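Undergrad: Structure incoming, see below.
The values are calculated or read from the model by the stated rules, or taken from the named source; none is laboratory data. Since this is a predicted model, take the numbers as computed values, not measurements. A quick note on method: Cβ atoms are made from the backbone with ideal geometry, for glycine too, and the neighbour counts reach across all protein chains shown. With ligands, DNA and RNA removed, areas are computed over all heavy atoms of the protein, side chains included. Shrake-Rupley method; radii C 1.70, N 1.55, O 1.52, S 1.80 Å.
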Amino acid sequence: MELRGITKRFPGVVANHDIDITIRRGTVHALVGENGAGKSTLMKILYGMQKPDEGTISIDGDQVSFHSPADAIARGIGMVHQHFMLADNLTVLENVVLGGEKLHGISGKARAEILKISDRYGLGVRPDVLVEDLGVADRQRVEILKVLYRGARTLILDEPTAVLVPQEVDALFDNLRELKAEGLTVIFISHKLGEVLSVADDITVIRRGTTVASVVPSETTPKQLAELMVGAELPSPETRESTVTDVEMLKVEGLRLSTADAEGVERTVLDDVSLTIHKGEVLGIAGVEGNGQAELVEAIMGMHDPDAGTISLDGIDISHLPTRTRREDGIGYIPEDRHRHGLLLEAPLWENRILGHVTEKPNAKGRLLDLKAARADTERIVREYDVRTPGIEVTAASLSGGNQQKLIVGREMSHHPKLLIAAHPTRGVDVGAQAQIWDQIREARREGLAVLLISADLDELIGLSDNLRVMYRGRLVADADPATITPEELGSAMTGAASGHLVHSDGDTAAEREPRSSQEGESE
C-alpha cells in the first residue's frame, strides 16, 4: 500500500500535509505521533470515511479512490477505531453482522462463524450479550472480531492496547503475529512506544500533520521516537516523595453492588469493598477490565445505588447524595469512557467545559450561567493544557481523542477538587501530554488532593501511586507496595496469580497463602 502526497484541510486547520507512507504486505506497520498530529484523519482517509483534498492511494499497485468505508471494506481494509462504533442496545452478534447481513444473515451460520473467529484468535466473545453490558476491553474485542468477520486483509488498529494489562497485550501481539504469518497486514497506532518497538516491522512518525521519519525498530529507542514525535524525552511517572497525611478524605466501607446481566440473572460486581484514601495520597486500583473497577468508580460518583455499604467524603456520609451534589462537595471525575460520560460530542468546547460544574464559578454567577466567563476559562484551559484546536466554538467531536482527554483533565483540575476519581487519565494522549497530566496530579497531590487512580498503564499505576490494591472478581484481594512490585508481578496478580510482593486481604503474603482449591475457583 502506498500513500503519496496526502493532504486534508479543515476550517482553520491542516490535518494532513503531503504525507508519504509505504506499507509492506504481511507486516505490522506502526504509526506514531503526538495528539493532533493527524494520525486518525489519515486512517479515516484510508478507510474511506473522508476524502483527501490532494494525494493518491495505491493498493497492490492499483490506484484507488474510496467514497465510503464500504469501498475500503471491498478492498479488504477494516478499521477498529479508538472510540468504538457499536450500538449499545444490540447484542454482540447483531453488532458484528450489522451492515454485513449479506454474508450469513442473522442466523446460526453467522453465530457459528463468530464463535469460530473468536476461538481462533482467543477473543472470548459471547454472541448473545448486549454491548451495553460490556466493559471497554470486551467492546474492543467485538470491534476486532467485526473486522475479521468481514474478511479484512488489512487491519487498522487505533490504540488497541489502551485498556489491556501486560498479559493481554502479549496475547494480542501473538494474535497480530499470527495474522501477519497468514499474510495479513496490520497498521498499528499507539502512544506506547515500548509496545510499538516490540511488535512493529516498520514505523512512520508524523508530526504536525506531516511525515518526519520512517524508522526500523531495531535501529531506534523509545527516547529517540519520543524526540521525533514531540521533541522531548520519554517521561517517567516515577515519584517516591510522600505527601500522605493522616486526614481521611474518602472512606468506603462494606460496599456491595449487584447488577442483572442480559438474561436477567443477578451477579455481584462489588463484594464487601472497603478502602480509605487520605489527603495527599494516590491510591491505585489494579485490575483486569471487568473486575469491578468501573462499578466502584460509578458507585462513588453516585451513578449506581449500592445494595449495602457507606461512602464518606471528608468525614460526611454522601452515600445517598446525587452525583451533582457530590461534584459540588469536591469530587472531580475523569471517566473511563470520555465519549459516554465525559463529553457532549456535538457541543462546542466551551459548553463541554461547563459539564458537571454548572453551578460553580467561573461558569455561574448566582443562579445564572456566566457564559462570558466560561468561554474565557475554556480559552485558558486550551492554552495551559495544550488542547490542539482552531477555537473553542468547534465541537468536541472535531478534536483527536488525546485532545479530548486533555480538555476533560483541564476541566476537572480547574475546580481544585478535594478528591479526584481518575479512571485512565492519560488514555490516548501522547508522551508530552502524559507528562503534563502526571505533573498536574503530583502538584495537586502536594497541595492535599486525594486521588483514586484506575489505569491500565501499569508503569503509570506503580509510578504515581502511594499505595496499590488489587481488584479481582469484585473484591479488593491484595495490597502491593509500589516501591517494590514490578509491572509483570502486578499484571499476574490482576489475573488471579500470586506474587511474593503482595499482601492479601487476610494479612498473609502471597508466599504464605495456600492456593484455593480448584473447586472453589470454579464455583466463583
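Undergrad: Find how much the distance from residue 380 to residue 133 grows on full extension, using 0.36 nm per residue of separation minus their present alpha carbon separation; answer in nm with one decimal.
TA: Between residue 380 and residue 133, full extension yields an extra 85.2 nm.
Undergrad: Using alpha-carbon pairs under 8 Å, 6+ residues apart, how would you state the relative contact order of the chain in percent?
TA: Normalised by residue count, the contact order of the chain is 15 percent.
Undergrad: Suppose only helical runs count, i.e. DSSP H with n ≥ 4. What mean residue ellipticity at 222 nm does that imply for the chain under -39500 (n - 2.57) per run, divided by all residues and rounded to the nearest 500 deg cm²/dmol?
TA: -9000 deg cm²/dmol
Undergrad: Please state the charge dipole magnitude for segment 294-424, taken about the Cα centre, from unit charges on C-beta atoms (+1 on K and R, -1 on D and E), reported in debye and rounded to the nearest 20.
TA: 600
Undergrad: Please name which of 433, 395, 224 has its Cα lying farthest along the dipole of the chain towards the positive end, using unit charges on Cβ (Lys, Arg +1; Asp, Glu -1) and the Cα centre as origin.
TA: Positive-most Cα among the choices belongs to 395.
Undergrad: Could you work out what % of the accessible surface of segment 407-470 is carbon and sulfur, using a 1.4 angstrom probe and leaving DNA, RNA and ligands out of the count?
TA: 42
Undergrad: How large, in percent, is the carbon and sulfur part of the accessible surface of segment 107-231 at a probe radius of 1.4 Å?
TA: Carbon plus sulfur share of accessible area: 48 percent.
Undergrad: Still on this structure, I have one more. Place a point 7 Å from the Cα of residue 479 along the Cα-to-Cβ direction; which residues of segment 257-301 have their backbone N under 12 Å from it?
TA: 275-277
Undergrad: Going down the table (372/406; 365/406; 39/361; 192/418; 109/192; 44/180), which pairs top 28 Å between alpha carbons?
TA: Beyond 28 Å: 39/361; 192/418; 109/192.
Undergrad: Just to confirm, what accessible area per residue do you get for the chain at 1.4 Å probe, in whole Å²?
TA: 42
Undergrad: A follow-up question, please. So what is the relative contact order of segment 21-157, in percent, for Cα pairs below 8 Å that sit 6 or more residues apart?
TA: 27
Undergrad: Over 24 Å apart: what share of the alpha carbon pairs of segment 1-121 falls there, rounded to a whole percent?
TA: Counting pairs separated by more than 24 Å, the tail of P(r) holds 39 percent.
Undergrad: Still on this model: Once you put a point 7 Å from the Cα of residue 119 and another 7 Å from the Cα of residue 393, both along the Cβ direction, what distance in nm separates them?
TA: Once both label points are built, they end up 5.8 nm from each other.
Undergrad: I would also like to ask the following. Express the relative contact order of segment 340-498 as a whole percentage, based on alpha carbon pairs under 8 Å and six or more residues apart in sequence.
TA: Computed value for segment 340-498: 16 percent relative contact order.
Undergrad: Right, here's the next one. Sticking with the crude label model, points 7 Å out along Cα→Cβ, report the distance from residue 181 to residue 325 in nm, one decimal please.
TA: 5.9
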